[in-house]
1. Using the number of other C-beta atoms within 10 angstrom as an exposure proxy, rank 138, 225 with the fewest first.
2. When a footprinting reagent is the concern and you count Cβ atoms within 10 Å, what order do 218, 249 take, fewest first?
3. If packing is taken as the average count of other Cβ atoms within 10 Å, what order do 193-206, 160-173 fall into, highest mean first?
4. Name the shape class, rounded, prolate or oblate, that the alpha-carbon gyration tensor gives for the stretch 111-249, where a ≥ b ≥ c are the square roots of its eigenvalues, rounded holds for a/c under 1.5, and otherwise prolate holds if a/b is larger than b/c and oblate otherwise.
5. Could you derive backbone 3J(HN,Hα) for the stretch 136-151 from the dihedral phi with the Karplus parameters 6.51, -1.76 and 1.60 (θ = phi - 60°), listing whole Hz in sequence and x where the residue is Gly or Pro?
6. Tabulate in residue order the Karplus-calculated ³J(HN,Hα) for the stretch 32-41, using 6.51 cos²θ - 1.76 cosθ + 1.60 with θ = phi - 60°, rounded to whole Hz; enter x for Gly and Pro.
7. Whose amide H sits under 5 Å from the amide H of residue 180, counting only residues 5 or more places off or on another chain, with H placed in the peptide plane?
8. Suppose R0 equals 22 Å; then what is the FRET efficiency for residue 41 and residue 4 from their Cβ-Cβ distance, rounded to the nearest 0.05?
Amino acid sequence: MDHQEVLELLPAYADQELGISEALEVQRHLESCADCQHEYAAQRIVSARFKKEAEYFDAPAHLAQRINAALPQDPPRAKLWSINWRNLGAALAAGLALAWSAGLYFNLPSDQDKLTDEVVASHVRSLQVDHLSDVASTDQHTVKPWFNGKLNFAPPVVDLAPQGFPLIGGRLDYLGGRPVAALIYRRAQHPINLYIWPSNDRDVAPQLQNKQGYHVVRWTWDGMTYWTVSDLAANELENFAGMVRSKVRQ
């Protein structure tokens with residue numbers, strides 16, 4: 001998919017109207033194209049604006065005159081109403097503008113949402129293009145050294161074959177603007193991607209969420225962030241995450 005095709009699809013992509021294949025192609029292009037990233041951000045704002053804005057019409061001038069004329073003819077009160085009418089209109093306009101701005105802000109995707117989308121897209125992409133592994137091996141002592149010189153950190157690689165989650169390889173990936181290690185495990189016929197990268201964040205217990213039909217578990221431990229994603233049942237993926245955590249802590 002070329003640059004122009006991606007530009008034409010960005011409005012539909014912002015509204016989540018594309019099929020998964022087209023969405024993934026647009027996502028891949030966005031990762032390397034700054035112009036399209038800016039355009040996508042603009043499209044998100046336009047999309048949010050259409051969803052949040054309602055139509056407003058200015059009342060004709062004679063309507064205010066008719067309302068004032070229908071009020072009791074008490075000159076001080078009529079004058080006060082005329083002044084308050086204008087003040088009320090200005091206050092309403094300011095309030096609506098503030099609500100619209102707040103709506104735009106709170107509907108923009110958070111960094112966490114964007115990263116979740118990236119993780120799931122990477123998992124799906126690895127399945128579609130049959131590129132699960134750069135190094136295919138069930139031996140942790142083969143996979144772990146393979147990352148030497150390719151990353152500026154050493155990802156922990158644990159053996160979970162006895163627990164029913166055999167290691168099948170590893171690869172380099174790119175998430176959140178950084179290179180990461182991707183370790184691939186399997187449960188029956190279900191591939192599991194485990195993404196690892198350094199973090200300065202405090203330790204965080206595993207958190208489960210569902211995205212586009214996939215389960216995602218993320219946690220932070222001892223200076224490393226872990227994200228794992230699969231179409232496994234939620235409880236099985238949580239068990240896998242727990243086993244990884246236990247092995248890494250040993």
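All of the numbers you see were taken from the coordinates with simple rules; none came from a lab. No experiment lies behind these values; they were computed from the predicted model shown. A quick note on method: Cβ atoms are made from the backbone with ideal geometry, for glycine too, and the neighbour counts reach across all protein chains shown.
1. Going from least to most buried by this count: 138, 225.
2. 249, 218
3. Working: 193-206: 15.6, 160-173: 17.9.
Sorting 193-206, 160-173 by mean packing, highest first, produces 160-173, 193-206.
4. Rounded, because the longest to shortest axis ratio a/c is under 1.5.
5. Per-residue couplings from phi come out as 9, 6, 9, 9, 4, 7, 9, 5, 4, x, 4, 7, 4, x, 9, 10 Hz.
6. Working through the residues one at a time gives 10, 10, 5, 4, 5, 5, 5, 5, 5, 4 Hz.
7. 173, 174, 175
8. FRET efficiency, residue 41 to residue 4: 0.75.
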